[in-house]
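The values are calculated or read from the model by the stated rules, or taken from the named source; none is laboratory data. What you see is a predicted model, and the numbers here were worked out from it, not measured in a lab. All Cβ positions, even for glycine, are placed from backbone atoms using ideal geometry, and neighbour counts span all protein chains on display. Calculation scope for accessible area: heavy atoms of the full protein, side chains included, ligands and nucleic acids excluded. Shrake-Rupley method; radii C 1.70, N 1.55, O 1.52, S 1.80 Å.
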Amino acid sequence: MKQSIATDAVKLTASKIITMTISMISAMLLSRFRTLEEYGTYSQLLIVISLVSSIFMFGLPNSINFFLASAESSDEKQKFLSTYYTLSTILSFISGLALVLAAPLIVNYFNNAIIKNFMYVLAVYPWAKIILSSIENIYIVYEKTTRLIFFRILNSVSLLFIILLVEVFNLGFSMYMILFIAVEAVFALSVYIQVGNISGKIWTYFDKDLVRKILKFSVPLGLASVIGTLNIELDKLLIGRFFDTEQLAIYTNAAREMPVTIIASSITAVLMPQLVRLLKIGNKEKAIALWSDATSLSYVFICFFASGLFTFAPEVISLLYSDKYLPGVPVFRIYSIVLLFRCTYFGIILNSIGKTKFIFYSSIVALGLNIVLNYILYRIFGFLGPALATIVSVAAVQVFQLKATSQSISVPLRKVFPWKALGVITIINVFIGIIFAFIKEAVSLDIYTGDILESMILGVAWSVLYGLLMQSFIKHKWVVLNEKGYYSKEDYSASN
């Protein structure tokens, strides 16, 4: 390989942070510049397109890593890519046609006649979404991560630019949607050109045997992806059915997960290979200790952000989306608590020992539980019900995975997870949160600074206090991870 895995990982992580930041800014601007009805309509379109695209995508992007990487010649790679993009294009056109034909049902479901004005979005965006989903895997296999970063950032900046363009020239929501689809279509078309250039050439090609192999590999992964997408969008689907378009707009932004879990995903990405090695040689004690230390370190930061977002929720909502989204504060607070369950990948041990069926089953359990709880809790708590259903189903499935982990490696449940460390960290954050909530009410800084600046000042003070309290714990975990986190000579010998 020309580049190291570590270098590529750092580049990809950096680009992800940049694009997530730009995406967040885009959501902020759209929320401020568009009415609740317009933003709600935009959300409805994206929800149905996301669901339908995930169904017709059949997990195809996952096949790229396997088939393209295992191809032994340029000719094999070109045939795979030609077959892949022929199949993807056909499926994406079918998904667009299905959405257009289903438009009356979509309009009735959301009770929003405005959706009829955006049939071209339903027709074209699934194709753009499906084709764009492939470029990351292509560039990674061909070790062109720098080009991928440039592509990602250029795409995000272009979408941000059209938001500003529409606002500056007061072009209206319909023109924004036309420009949005136009930009995504241009980038999707560029994918064909880029793939043709990087591989030599691609053409319209349909090899039945190869298609059969691709689908056999990708469909199971696609099913898991569909379940995951449906689980994520389920609460919005229910809100869209029983509440109006404006309330869906509020719920959509309130339920938007803050991008703080990148900490956990980065740690997990580094952790997985080492757990696989340790468990392969039967060193489950060291594997559990390593996972516990990594989880504790991740939780220190995620719990801090979750507590801050919960405490200063009204100010965060106002800063990000404007005051018109303040009715979503209770939902935002519930989703801040959900962040606590993103401190690690709870199925990491199961994945490391190859028991992926448990993970698939748990995703089905999560979906089933979420469907039942969404309706029941909606009937009891109304607007808050679907958010409460999310947190209950997430917590239940994480416990299910921990129990499965305990049974699979014969380690008691109390020792599988760092319950005590996480409990102490939670108590510290709750205590500090109560103190700062009291200070915010008792000390009227907002008279001089305004609510948002007051919360920022208190947030900085909170950060300093928390940093001082947790400094030694963080240093200790960092040192321990550096000691435990590498494959020792003894481990290496044992594995051979």
Rounded to the nearest 0.05, what FRET efficiency do D209 and M272 give with R0 = 35 Å and r taken as the Cβ-Cβ distance? Could you check?
-> 0.60
Looking at the square roots a ≥ b ≥ c of the eigenvalues of the Cα gyration tensor of segment 95-253, which shape do they give, rounded for a/c under 1.5, prolate if a/b is larger than b/c, or oblate?
-> oblate
Whole-Hz Karplus ³J(HN,Hα) for segment 396-408, in order, using 6.51 cos²θ - 1.76 cosθ + 1.60 and θ = phi - 60°, x for Gly and Pro?
-> 5, 5, 5, 5, 4, 5, 5, 5, 5, 5, 4, 5, 5
Mind listing the phi-derived Karplus ³J(HN,Hα) values for segment 327-334, rounded to whole Hz, using 6.51, -1.76 and 1.60 with θ = phi - 60°, and x for any glycine or proline?
-> x, x, 3, x, 5, 4, 5, 5
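Can you give me the accessible area per residue for segment 285-413, using a 1.4 Å probe, in Å²?
37 Å²
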Within-13-Å neighbourhood charge of S43 [Cβ basis; K, R +1; D, E -1] = -3
With the full set of protein chains in place, find how many percent of the accessible area of the chain is carbon and sulfur; take the probe as 1.4 Å.
-> 68 percent
Where nothing but the Cβ of Lys and Arg (+1) and of Asp and Glu (-1) is charged, how large is the charge dipole of the chain around its Cα centre, in debye to the nearest 20?
-> 1420 debye
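Per residue, what accessible area does segment 97-210 have, given a 1.4 Å probe and all protein chains present, in Å²?
With all protein chains present, segment 97-210 gives 49 Å² per residue.
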Quick one: compute the contact order of the chain, relative version, from alpha carbon pairs under 8 angstrom and 6+ residues apart, as a percent.
-> 18 percent
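Leaving out ligands and nucleic acids, note down the accessible area per residue over segment 233-274 with a 1.4 angstrom probe, in whole Å².
Accessible area per residue, segment 233-274: 36 Å².
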How large is ³J(HN,Hα), in whole Hz, for each residue of segment 113-122 in order, when computed from phi with the Karplus curve 6.51 cos²θ - 1.76 cosθ + 1.60 and θ = phi - 60°, using x for Gly and Pro?
-> 5, 4, 4, 4, 6, 10, 4, 5, 5, 4
